[in-house]
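Below is one structure, written out as structure tokens; the observations come after it.
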Amino acid sequence: MKPIQMVDLKNQYLRIKEEIDKAVIDVLESTAFINGKPVQEFADNLAAYLEVKHVIPCANGTDALQIAMMALDLQPGDEVITPSFTFIATTEVVALLKLKPVFVDVDEKTFCLDPDSVRKAITPKTKAIVPVHLYGQSANMEAIMQIAKEHDLYVIEDNAQAIGGDYTFSDGTTKKTGSIGTIGCTSFFPSKNLGAYGDAGAVFTNDDDLAAKMKMIANHGQSKRYYHDLVGCNSRLDTIQAAILNIKLKHLDNYILARRQAADFYDKAFANQPKITVPFREKNSLHVFHQYTLVLREAQRDGLNQFLASRNIPSMIYYPVPGHLQKMFQAYNASSAQLPVTDWLTERVISLPMHTELDAEQLHFIASSVLEYINS
Ligand SMILES: *Cc1c(COP(=O)(O)O)cnc(C)c1O
């Protein structure tokens, strides 16, 4: 059996090695390392894939969130509603920009923002909502967009874990996650569903003015060379990463399929196990399984983690400390937030290996090992 990893980037690379190596060498020979042709090509191809008007590539997913929030002219102290149950980048940039992160609870099934909790958290200072499509499952965008409309709020989708996923509204229209809100943000961190071979990210929008502004912000607020109209930052996607992403984008739908097949295998193996809950799949959205995350209702999580490790099966806790309990947010008195679902999930979630290269033998070994521990 091939060794089991949380993410197998090596074997994924080997399948497309020839194409990738050629594309990288082409960039090396062109020496157009910044803003070379593949950067705009990738932006155009991704825009077509997402059916969104504008894609502005940037240096990483954290910058994408920052650029989005900078473009919205938010004022210090403005409130931004976000989940606590997410990767720290989502909420870190809020604080970095001197905005106030307002942590709300998530839905127990989807692990994403709970619309009722969002509603209760709105104050006159609320300016934006940041739904995170965690683990590859879309948040309830119908309800979130409705709340945003009623209260005139921006919606910034953190799509870092759900690129390629979609969401169908009750009127039957289907949109890709990240193309629904005011701005969508994503990361191409190597382990993400569409991963570069280094850091990379992008923002997307259908708003022409916001697109122009974000493009400037990502490039020193520059309108033309050496004319700087806004305070921006230096956050460009480099050409080598763009060339790699351009190739990998063509494979994204197959990558998603492979992840979903692995998830199907796990789901079947864990069906009717009262001690564990398999990931919920919202009927009106395509779960792209960035992670396959179990909720352990009874079993001992540390014990399972150690048991699997003893068989060289990695497992991970995403995330061991929720945002509202992180030291970085002490100044906001964030730990006083009442987030019972977040706290409950934080104690019980465990993610199993999930990637495009898992084979039947590995999946069988992982699933049977989990079951052996759970039922011992
Ligand atoms: C990975 C990730 C980010 C940040 O992306 P980087 O490219 O690592 O900066 C932001 N939000 C979520 C939910 C993520 O998973």
So, first residue farther than 17 Å from PRO131 by Cα in region 59-74, second residue open to solvent by 20 Å² or more (accessible area, probe 1.4 Å) and within 8 Å of the ligand (Cβ to nearest atom), Cβ within less than 8 Å, six or more apart or across chains; the pairs are ALA59/ASP199; ASN60/PHE189; ASN60/ASP199
Tally the residues that are within 16 Å of the ligand (Cβ to nearest atom) and buried (at least 24 other Cβ atoms within 10 Å of the Cβ), restricting the search to region 70-100. 11
I'd like to check something: does region 294-302 contain any residue that is over 26 Å from LYS176 (Cα atoms), open to solvent by 50 Å² or more (accessible area, probe 1.4 Å) and in a helix (DSSP H, G or I)? yes
Those residues of region 274-305 that are hydroxyl-bearing (Ser, Thr, Tyr) and within 16 Å of the ligand (Cβ to nearest atom) come to a total of 2
Tell me, which residue of region 107-129 that is outside any loop (DSSP other than H, G, I, E, B) and within 16 Å of the ligand (Cβ to nearest atom) is farthest from LEU325 (Cα to Cα)? ALA128
Please find, among GLU282, GLU298, the residue that is under 24 Å from the mean Cα position of the chain (by Cα), modelled with pLDDT under 95 and farther than 11 Å from TYR373 by Cβ. GLU282
State yes or no: is ILE20 more than 13 Å from the ligand (Cβ to nearest atom), open to solvent by less than 60 Å² (accessible area, probe 1.4 Å), closer than 26 Å to MET354 by Cβ and outside the structural domain of ALA211 (by TED's automatic domain parsing)? no
Hand me the list of strands (runs of 3 or more DSSP E) wholly inside region 150-203 holding 2 or more residues that are over 17 Å from ILE81 (Cα atoms) and at pLDDT 95 or above. 166-168, 174-176, 183-187
Which numbered condition GLN241 fails, given (1) within 16 Å of the ligand (Cβ to nearest atom); (2) in a helix (DSSP H, G or I); (3) in contact (Cβ under 8 Å) with a residue 60 or more places away in the chain: (3)
If I filter region 25-45 for residues that are within 16 Å of the ligand (Cβ to nearest atom) and of a type outside the set (Gly, Ala, Ser), do I get at least one hit? yes
Select, from SER369, SER285, SER335, the only residue that is among the small types (Gly, Ala, Ser) and without any contact (Cβ under 8 Å) to a residue 40 or more places away in the chain. SER335
So which of LYS213, LYS127, LYS176, LYS192 ends up being in contact with a strand residue (DSSP E or B) (Cβ under 7 Å, 6 or more places away or on another chain) and over 23 Å from VAL102 (Cβ atoms)? LYS176
For region 198-215, check the following and say yes or no: at least one residue is open to solvent by 30 Å² or more (accessible area, probe 1.4 Å), free of Cβ contacts under 8 Å to residues at least 24 places away in the same chain, outside the structural domain of ASP359 (by TED's automatic domain parsing) and more than 16 Å from the ligand (Cβ to nearest atom). yes
Within region 160-167, does at least one residue satisfy the condition of being away from the ligand (no atom under 16 Å from the Cβ), under 20 Å from ILE256 (Cβ atoms) and in the same structural domain as VAL55 (by TED's automatic domain parsing)? yes
With the requirement that a residue be surrounded by fewer than 17 Cβ atoms within 10 Å (Cβ to Cβ) and over 18 Å from the mean Cα position of the chain (by Cα), what does region 109-141 give you? ASP116, ARG119, LYS120, THR123, PRO124, LYS125
Within region 280-289, is even one residue open to solvent by 10 Å² or more (accessible area, probe 1.4 Å), within 22 Å of ALA139 (Cβ to Cβ), outside the structural domain of ILE163 (by TED's automatic domain parsing) and touching a Leu at 6+ places or on another chain (Cβ under 9 Å)? no
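The values are calculated or read from the model by the stated rules, or taken from the named source; none is laboratory data. Everything numeric in this text was worked out from a predicted model, so none of it was measured. Cβ atoms come from the backbone with ideal geometry, glycine included; neighbour counts cover every protein chain shown. Side chains included, ligands, DNA and RNA excluded: accessible areas come from the protein's heavy atoms. Shrake-Rupley method; radii C 1.70, N 1.55, O 1.52, S 1.80 Å.
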